[in-house]
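Note sheet for the following structure.
The values are calculated or read from the model by the stated rules, or taken from the named source; none is laboratory data. It should be emphasised that the depicted structure is a prediction, and the values quoted were computed from it without experimental measurement. Cβ placement follows ideal geometry from the backbone for every residue including glycine, while neighbour counts extend to all protein chains displayed.
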Amino acid sequence: MTELGEQVSSREAAIFERIEAFRRRKPRLLDDMVTLAHGAGGKSSAALLDAVFLPAFTAAGALPSRRDDAAELVLGSGERLAVSTDSFVVQPRRFPGGSIGHLAVHGTLNDLAMVGARPLALSAAFVLEEGLAIEELRAVVADMAEAAARCGVAVVTGDTKVVGHGAADGLYVTTTGIGSIPPGRELRAERVREGDVMLCSGTIGDHGTAVLLARGELAIEADVSSDTAYVGELVEALLAAAPATRWLRDATRGGVATVCNELARDSGLTVVLDERALPIRPEVAGACELLGIDPLYVANEGKFVAVVAPGEAEAALEALRAHPLGEQAVAIGEVRAEPPGLVVLVTLLGGTRIVDMLVGDPLPRIC
Ligand code: MG
C-alpha cells in the first residue's frame, strides 16, 4: 500500500496545495436559516458548529475544543468518563435490519466506543407527536430495551414530551450515554502519524441505502439491510490486538468520506484511500449508482474507520475479522504527510481525485 501516496504526483500536489489553502479558511455560515444540510454531518454541519455552538459553549467553558465522538471528563479520582449525546429522527422508523430504537442505543454507545469507553448507563428523551399509536411506541421502546440489554447497559433515566398533531413527525428520540475510559487509552487525531494504516471494519453504505430503499419512493428492488450494531466488543478486540491504535470514528452521517476528512482536518495529515480496497456490497453499489450517490458518503451505523500503527495492522485486521461484526474488515488506505489536510482517492483507473467533506444533504433523516 505504500506506493499509494506516491501516485500523487508533484504537479497534482501543487494543485492540491492551492485547494487546501482555500479549504483551510474557516467554514463560514452563509445561511440566514437552518437548512437540511446543517444536519447532514458534512460541511454545513461543521460551519454551524463553528459559527453558533462552539463560540457560545466554549466561552462558557462547557465544551472542550477537541471534536471527538464523545467528550472526556476527568474526575477528582483520576477516573475518566466519556459522555455523548445524539438525536434520532430517521424516516421510516422501521427498516430492514432495525428501527429508530436500535439506532438510538447503538449510535450513542458507538460514539462512546470511539473514544475507547465502556458504557455505564444511557438516558432517553422522547418527543412524541399527538396521534402516534401506543403500539408503535411500545415496539420502539422494546427495541431499545433489547439493544441496551445486549450491550450490557440500562436506560436509567428519561423524559417524554408530547407536541400537537403536525408539530413533529411521529417520534424523535435523544439518547445520552456515559462510559468509563480504561487507563492508557488515548484515541485522538493528534496521535496519527505518517505511514499509519487506515482500516475499515466492514462494508460501507449499507445503512443509508437500506433506509432510502425502505422509503419506497424509488422503483428499486434490492436486498439491503441496515448494519445497525453496537461495535464496542469489536473495538475491545481491536485494542487488545493493536494497543497502539491511534484513532477511531464510526462512519455515520456523511459516511467514510466525511470521517476521513475530519481526520485530515484534525491531524493536519493526508488520508490516501484506495478505491480498489473499499468494501462495498454489489447490491449497495448498484443502488447507489442508480441513485447517483457515492457510497463513500452514505451513512453506516455499525462500521468504523480505525487508524492503526503500521506494525500492528496485520494483527488488527486479524482481530477484527475474527469477530462476526468485522469479518469484512480491510485496509482501505494510509496516512501521508503531504499534501496536508486532504483526503485523496486513488481511483480504480489509477488516477487520483480529492474526496471532500459532504456538501449538502443527499439523504436527509437517515439516522
Ligand atoms: Mg460518531
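Looking at Val83, Val74, can you tell me which residue is at pLDDT 90 or above, under 18 Å from Gly177 (Cβ atoms), assigned by TED's automatic domain parsing to the domain that holds Ala154 and within 16 Å of the ligand (Cβ to nearest atom)?
Val83
In region 284-308, how many residues are surrounded by fewer than 19 Cβ atoms within 10 Å (Cβ to Cβ) and farther than 30 Å from Thr245 by Cβ?
6
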Report the residue count in region 128-156 for those that are part of a helix (DSSP H, G or I) and either out of contact with any strand residue (DSSP E or B) (no Cβ under 8 Å at 6 or more places or on another chain) or of a type in the set (Phe, Trp, Tyr) (or both).
9
Find all pairs meeting these conditions: Cβ atoms under 8 angstrom apart; at least six residues apart or on different chains; first residue within region 95-123 and in the same structural domain as Glu79 (by TED's automatic domain parsing) and within 11 Å of the ligand (Cβ to nearest atom); second residue of a type outside the set (A, V, I, L, M) and assigned to a helix (DSSP H, G or I).
Leu109/Gly232; Asn110/Gly232; Leu112/Gly232; Ala113/Gly232
Kindly check whether there is at least one residue in region 276-292 that is under 18 Å from the mean Cα position of the chain (by Cα) and of a type in the set (D, E, K, R).
no
Which of the residues that make up region 229-244 are in a loop (DSSP other than H, G, I, E, B) and within 16 Å of the ligand (Cβ to nearest atom)?
Ala229, Tyr230, Val231
Read through the list (1) surrounded by 22 or more Cβ atoms within 10 Å (Cβ to Cβ); (2) part of a strand (DSSP E or B); (3) away from the ligand (no atom under 16 Å from the Cβ), then give the number of the only condition that Asp159 fails.
(1)
Scanning region 261-278 residue by residue, those under 18 Å from Arg67 (Cα atoms), of a type outside the set (Lys, Arg) and in a helix (DSSP H, G or I) turn out to be Asn261, Glu262, Leu263, Ala264, Asp266, Ser267
What are the pairs, 6+ residues apart or on separate chains, where a residue within region 247-266 that is assigned by TED's automatic domain parsing to the domain that holds Gly205 has its Cβ under 6 Å from a residue that is within 12 Å of the ligand (Cβ to nearest atom) and assigned to a helix (DSSP H, G or I)?
Arg249/Val259; Asp250/Asn110; Ala251/Val259
